[in-house]
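Every read-out reported here was derived from the displayed coordinates using simple, explicitly stated rules and does not represent laboratory data. Please read all numbers here as calculations on a predicted model, not as lab measurements. With ideal geometry, Cβ positions are generated from the backbone for all residues, glycine too; neighbour counts draw on all protein chains shown.
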Amino acid sequence: MAPRMTTPIVALDVADTAAALAIVETLDAQCRCYKIGLELFTAEGPQVVRAVRDRGADVFLDLKLHDIPNTVQGAVARAAGLGARLLTVHASGGRAMLAAAQAAAAGTDCRLLGVTVLTSLDREAVAASWGRDVAGLDVTAEVLRLAETVQGAGLHGVVCSGHEAGAVRERFGDGLATLVPGVRLPGTSAHDQARVVTPAGAARAGARYVVVGRTVTAAGDPREAMRRVLSELASS
């Protein structure tokens, strides 16, 4: 079987639609999928999703939904209606919430991803947040546990760091796509991320999607930085 190509997604972690579209227009054909997260969506609402889609690009709507099943089901239906190609929900929301979300996405072009352990959290932070003994906590095991629930609810995939993507790929194969955020070019800052990898590292681990942000958008030459990302992905 031929290896599956890794799709790059650029994060539009900016304050408004004008700044977002400036990035889309700068990168042009180099990137055809963009992440719209909580900051931009809260500031600009559905119109920014439509604006990016009007430029011929797909949208990964990273809202990390986590609420009672009925509320999440309604939100997923609205996001799918906007034309979001990918949408995140928290895997820790439980099987009923995930199943309700998937029911709303069924029959649409929107694919759901369950967020496992945020890449901003290290082992100690996970233990503190989840009330676990840090000595006995295995982040990869926690990711796989949540991934089992996500797969059981029929979702498209999971969000995890590049450090766990290989284990997810080994356990689930093509049955569960992996999206790896916090991807940085070699030599650039990790910023507020704790578990980061390079584009090549994420691709080698079997990531279906990688999200790059400031490593491209804050570069002196974003097009050259994106070229480096694409080159790493192609070589892996």
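Report the paramagnetic label zone for residue 219: residues of segment 11-35 whose backbone N is under 13 Å from a point 7 Å from Cα along the Cα-to-Cβ axis. From segment 11-35, the list is 11, 27-28, 30-31. Computed from the Cα positions only, the extents of segment 86-236 along the three principal axes stand at 45, 43, 25 Å, in decreasing order. Sorted fewest first by neighbouring Cβ atoms within 10 angstrom, 13, 221 come out as 221, 13. Find the Rg to Rh ratio for segment 194-236, where Rh is the Kirkwood radius over alpha-carbon pairs and Rg uses the same atoms. Result for segment 194-236 is an Rg/Rh of 0.97.
All Cα-Cα distances of segment 13-97, cut into 5 Å bins from zero to the largest, leave 3, 15, 26, 23, 15, 9, 6, 3, 0 percent in each bin in turn. Placing unit charges on each Cβ (+1 for Lys and Arg, -1 for Asp and Glu) gives the chain a dipole about its Cα centre, and among 47, 217, 206 the Cα reaching farthest toward its positive end belongs to 206. Each of 217, 116, 71 was scored by other Cβ atoms within 10 Å of its Cβ. Arranged with the fewest first, they read 71, 217, 116.
Would you mind working out the magnitude of the charge dipole of segment 50-155 relative to its Cα centre, with +1 at each Lys and Arg C-beta and -1 at each Asp and Glu C-beta, to the nearest 20 Debye? Intermediate values should be presented prior to the final figure.
Details: 11 positive and 11 negative charges, 86 e Å.
Dipole magnitude for segment 50-155 comes out near 420 debye.
Of the chymotrypsin sites (Phe, Trp or Tyr not before Pro) found in segment 33-92, no site is in coil according to DSSP while having at most 14 other Cβ atoms within 10 Å of its Cβ. Could you give the size of the charge dipole of segment 7-235 about its Cα centre, using +1 on the Cβ of each K and R and -1 on the Cβ of each D and E, expressed in debye and rounded to the nearest 20? Once rounded to the nearest 20, the dipole reads 400 debye.
The residue list 31, 134, 69 was ranked by how far each Cα lies along the charge dipole of segment 1-140 toward its positive end, using unit charges on Cβ atoms, and 69 comes out on top.
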